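To start, the structure itself, in structure tokens.
Every number in this text was worked out from the coordinates using simple rules, so none of it is lab data. These numbers come from a predicted model, not from an experiment. Here the Cβ positions follow ideal geometry from the backbone for every residue, glycine too, while neighbour counts run over all protein chains shown.
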Amino acid sequence: MNLEEENRNMVKYQLKNRGIHDEKVLNAFLKVKRHLFVPKSLEKYAYDDCPLPIGEGQTISQPYIIAFMLQILEIDKDDIVLEIGTGSGYQTALLAEIAPYVYSIERNESLAKNAKKKLEKLGYKNIKIVVGDGTMGWPDEEIKFDKIIVSASAPSVPDPLLKQLKEEGKMVIPIGSRTFQHLNIITKNKDGSIKVEYSDGCMFVPLLGKYGWQM
Ligand code: SAH
């Protein structure tokens, strides 16, 4: 089986068959090739149902969990999205297929550089990546986001991210201990109050920073 075929099977068996029904999300997964975002030596495992190492002690997330989070966010064609934890850039590319603008923060300089290079080579023009502590939010405090997706786990929701979420905006973030978390779905109401819903259990690498885990 070639990698193209494996990608189509991944979408069918790992995503559709497990309840991912948002066409925008499914189409993005068909378009963005995960094997371009893993180390060459792991290319043959690119469409497996699991996270994979990407260097620097970090991982590219399991496809299903990314799809699940993207579906929860209900990204609209006008939505400005903030991603914390660029990692390989795979999820960044998926977001850029759905949203008009994607801002992404990665604390590891070498991962950020690689992701940036890859995404530029693939022709994405609607992505901005900065190196920094994503728990502090996007460096330009004036910008507010419709959707925020956090790809690493925190002990609690970082306050700067809540502040940068627009009214009626939505954030998805894994919250819990260092080894096990639940996805928290956070909606900011029109009056600025916050609603939190709890979803599936998950295991993400730690979000390290001022409002995350300390080293
Ligand atoms: N969605 C990415 C997942 C990467 S793993 C992918 O599919 O490739 C999570 C990433 O979060 C790691 O690259 C890690 O370096 C980064 N990270 C951890 N703490 C961070 C912080 N405070 N700010 C920004 N990035 C952070």
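Taking 0.36 nm per residue of separation and subtracting the Cα-Cα distance, full extension of the segment from GLU167 to LEU122 would add 12.9 nm. With unit charges on the beta carbons (Lys and Arg positive, Asp and Glu negative) and the dipole taken about the Cα centre of the chain, which residue among LEU3, THR86, SER104 sits farthest to the positive side? Farthest towards the positive end: LEU3. Using C-alpha pairs under 8 Å with a sequence gap of at least 6, the mean separation divided by the residue count of segment 1-152 gives a relative contact order of 21 percent. Under the convention that each Lys and Arg Cβ holds +1 and each Asp and Glu Cβ holds -1, the size of the dipole of the chain around its Cα centre is about 420 debye.
Our coupling estimate for segment 199-211, obtained by passing each phi through the Karplus curve with A = 6.51, B = -1.76, C = 1.60 and θ = phi - 60°, is 10, 4, x, 7, 9, 10, 5, x, 7, 9, x, 4, 9 Hz, Gly and Pro reported as x.
What the phi angles of segment 113-129 give under the Karplus curve with 6.51, -1.76 and 1.60, with θ = phi - 60°, is a coupling list of 5, 4, 5, 4, 4, 4, 5, 5, 4, 7, x, 6, 10, 10, 10, 10, 10 Hz, glycine and proline written as x.
Highest mobility in the GNM of the chain, judged by mean-square fluctuation with C-alpha springs under 10 Å and restricted to ASN27, ASN184, ASN17, is found for ASN17. Simple spin-label estimate for GLU43 and ILE143 gives 3.3 nm between the two label positions (7 Å along the Cα-to-Cβ direction from each Cα). Cross-linked pairs LYS118/LYS190; LYS40/LYS144; LYS44/LYS163; LYS116/LYS170; LYS44/LYS210: Cα-Cα separations exceed 30 Å for LYS118/LYS190; LYS40/LYS144; LYS44/LYS163; LYS44/LYS210.
Restricting the calculation to alpha carbons of segment 95-215 gives Rg and Dmax of 14.5, 42 angstrom. For the chain, the mean residue ellipticity at 222 nm estimated from helices alone is -7500 deg cm²/dmol, where every DSSP H run of n ≥ 4 contributes -39500 (n - 2.57) and the total is divided by all residues, rounded to the nearest 500. Restricting the trypsin sites (Lys or Arg not before Pro) of segment 1-79 to loop positions (DSSP other than H, G, I, E, B) with no more than 10 neighbouring Cβ atoms within 10 Å leaves LYS77.
Taking the DSSP beta bridges with both ends in the chain, the antiparallel portion is around 45 percent. A straight chain from ASP159 to GLU197 at 0.36 nm per residue would run longer than the Cα-Cα distance by 12.0 nm. With coordinates expressed along the principal axes, the C-alpha atoms belonging to the chain extend over 52, 35, 35 Å, beginning with the largest.
Under a 5 Å amide H cut-off, with hydrogens placed 1.01 Å from N, LEU165 pairs with PHE145 among residues at least 5 apart or on other chains. Among residues other than LYS163 with Cβ under 11 Å from its Cβ, the summed charge is +1 (Lys and Arg +1, Asp and Glu -1). Measuring between alpha carbons in the structure, the pairs from LYS33/LYS128; LYS31/LYS121; LYS77/LYS188; LYS12/LYS125 lying more than 22 angstrom apart are LYS12/LYS125. Most fluctuating residue of GLU74, GLU83, GLU106 in a GNM of the chain with Cα springs under 10 Å: which is it? Per the Cα network of the chain with a 10 Å cutoff, GLU74 tops the list. Around the amide H of ILE80, modelled in the peptide plane, lie the amide H atoms of ASP146, LYS147, all under 5 Å away and 5 or more residues distant in sequence or on another chain.
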